[in-house]
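K.L.:
Mind having a look at this structure? Questions to follow.
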Amino acid sequence: MPSTLSKTLMTYEAWSPLLLGMVLAMLLANSAQWFMYRERIYGIYSIYTLTWAVYFTINFFDQPTNIANFEKLILSYSGYILYLELAKIFLNLQERPKFLRWVTIVQGMLAAYVLIKTYIYLFTDFWQTKLHAILLQPVRFALLGVGAYIVVTFFRSKDVVARFFVAGTASLLINHAITTILLIRSPNLSIKLPLWQHPDLFVQIGVVLDLIFFALGISYRHRREAVNKVVVEKDLERERDQRHREYLESDLALQRMQQEKTEMQMRALQSQINPHFLFNGLNTLSSLIDESPRQAGEFVDELSNVYRYLLRSNENELTTLNVELRFILSYFHLLKTRFGRSIELDIDVDEQHQDALLPPLTLQLLVENAVKHNVVLPKQPLTIRIRTNSENQLIIENTLQRKKLSVESNGVGLSNIAVKYRLLNQSSPLIEEQEGWFRVTLPLLIPQTKPAEQD
């Protein structure tokens, strides 16, 4: 009895159902995954598995030889065509156009071969001849060559998914080689052959191993894509957060600029409307009314221009040098009326810089500082120069003749100008004393289009 059981277990009939059951189990598992994810690779793999499951099943039915051969031909070569379709995905052949074209050609040749063999098995007796058996061998060796080429080409691939495919192909290749050798030795198949001499056993073992490796590769690929998706989503979230932070920082910088501009404008306005300024201005106007009514009228007009510009300077972050110069001429007219020959203004600005941009009230602050901290007397006149150079810079300088009892400077005016340029992402103003001159050098912003002028 034990001997009979042992002999039974050593037959193809005993092992074939087990291998078929393994294929069916993988088919069910993969079909469930295909219904869940609806990815193309799961669909192709399910059809590939189903093809081999049907191939394994028909071995249990007694059929005419030509019909059995025809069914095996259709199923096995359909499996090879599907195998190459899976290769396109597993090996990511979209990035290797030449290899992809080669695989597609092989698929076409297999399809043509199936059509030819279908005609031979169903409509001729050629399949019974020795010549037919001989002609089968080149095809079998060609299939071995295709598999070997894929293994050799992708054997050292660093992609884990490709390695699973290579392992499955190698398993199929080895068993296919054994099957080819057995068929050459014994071309007439019989289900009664001993276990280790039955070609179909090695076909099935190769297919099962191939399906196992493919299933592992697909699972790894799916997990890797899920991880990559999470990483991409995290990267996108970080990028969105970064852009949001940059937006908030830009908005904060803009608010700071607006605040600095308002504070600068308010300080400039306050410096003009303080009691001392009003007292001097009204005294000057009072004396002019008696001595020169015409000059008094001009003084009032220029004073009106100054106040109008001061009140409107907070409407824009930048203004043109031309507008600033017109304002400074009105402002200097007030100073000239008050100090007479004790103060001089020299403007030498190139025509090409008239439309260059700078923060409003920049010139007023620098001229005001010059008057505030230096002696202004007929015997020691204060000269203020405004000029540009070829490097798109504006230079404001005055003769250095500091008051002995001047109010200590807190540097608010110059620091405000520096802050404005920093907020505009421009280089800081250069402040220097050289050869009896106090000099401030400012970068000019060159506009892309000519801006509209202020009134």
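K.L.:
How many residues are closer than 15 Å to Asn305 by Cβ and surrounded by 18 or more Cβ atoms within 10 Å (Cβ to Cβ) if we restrict to segment 331-366?
P.N.:
We begin by selecting, within segment 331-366, every residue closer than 15 Å to Asn305 by Cβ; these are 331-337, 360-361, 363-364.
From the residues that got through so far, the ones that are surrounded by 18 or more Cβ atoms within 10 Å (Cβ to Cβ) too are 331-335, 337, 360-361, 363-364.
Residues flagged as closer than 15 Å to Asn305 by Cβ and surrounded by 18 or more Cβ atoms within 10 Å (Cβ to Cβ) within segment 331-366 amount to 10.
K.L.:
Here is a follow-up. Would segment 120-133 turn up any residue that is more than 53 Å from the chain's Cα centre (by Cα), small (Gly, Ala, Ser) and not in a loop (DSSP other than H, G, I, E, B)? Spell out how you get there, then give the answer.
P.N.:
Step one: filter segment 120-133 for residues more than 53 Å from the chain's Cα centre (by Cα), giving 120-133.
When the remaining residues are screened for being small (Gly, Ala, Ser), the result is 133.
Next, from what is left, pick out any that are not in a loop (DSSP other than H, G, I, E, B): 133.
Yes, segment 120-133 has at least one match.
K.L.:
Among residues belonging to segment 103-138 that are surrounded by 15 or more Cβ atoms within 10 Å (Cβ to Cβ) and hydrophobic (A, V, I, L, M, F, W, C), point out the one that is farthest from Ala68 (Cα to Cα).
P.N.:
In the first step, residues of segment 103-138 are kept if they are surrounded by 15 or more Cβ atoms within 10 Å (Cβ to Cβ); the result is 103, 106-107, 110, 113-114, 117, 120-121, 127, 132, 136.
With hydrophobic (A, V, I, L, M, F, W, C) added as a condition, the list becomes 103, 106, 110, 114, 120, 127, 136.
Working: Val103: 28, Val106: 25, Leu110: 19, Val114: 14, Ile120: 13, Trp127: 12, Leu136: 16 Å.
Of everything passing the filter in segment 103-138, Val103 is farthest from Ala68 (Cα to Cα).
K.L.:
Something else now. Can you tell me which residue in segment 404-455 is modelled with the lowest pLDDT, limited to those that are under 46 Å from the mean Cα position of the chain (by Cα) and on the phi > 0 side of the Ramachandran plot?
P.N.:
So the first thing to find is which residues in segment 404-455 are under 46 Å from the mean Cα position of the chain (by Cα), and the list is 411-432, 440-455.
Within this subset, residues satisfying the condition of being on the phi > 0 side of the Ramachandran plot are 411, 425.
Values: Gly411: 60, Asn425: 81.
Only one residue tops the list, namely Gly411.
K.L.:
On to the next question. Looking at Glu397, Glu432, can you tell me which residue is touching a Phe, Trp or Tyr at 6+ places or on another chain (Cβ under 6 Å) and not in a helix (DSSP H, G or I)?
P.N.:
Working: Glu432 fails: touching a Phe, Trp or Tyr at 6+ places or on another chain (Cβ under 6 Å).
Exactly one of Glu397, Glu432 is touching a Phe, Trp or Tyr at 6+ places or on another chain (Cβ under 6 Å) and not in a helix (DSSP H, G or I), namely Glu397.
K.L.:
Within segment 77-118, track down each residue that is over 23 Å from Phe56 (Cα atoms) and either over 37 Å from the mean Cα position of the chain (by Cα) or β-branched (Val, Ile, Thr) (or both).
P.N.:
Ile89, Val103, Thr104, Ile105, Val106, Gly108, Met109, Ala112, Ile116
K.L.:
Taking segment 315-365, which residues are charged (D, E, K, R) and under 40 Å from the mean Cα position of the chain (by Cα)?
P.N.:
Taking segment 315-365 and keeping what is charged (D, E, K, R), we get 315, 317, 324, 326, 336, 338, 341, 344, 346, 348, 350-351, 355.
Glu315, Glu317, Asp355 - these are the residues of segment 315-365 that are charged (D, E, K, R) and under 40 Å from the mean Cα position of the chain (by Cα).
The values are calculated or read from the model by the stated rules, or taken from the named source; none is laboratory data. What you see is a predicted model; the values in this text were computed from it and never measured. With ideal geometry, Cβ positions are generated from the backbone for all residues, glycine too; neighbour counts draw on all protein chains shown.
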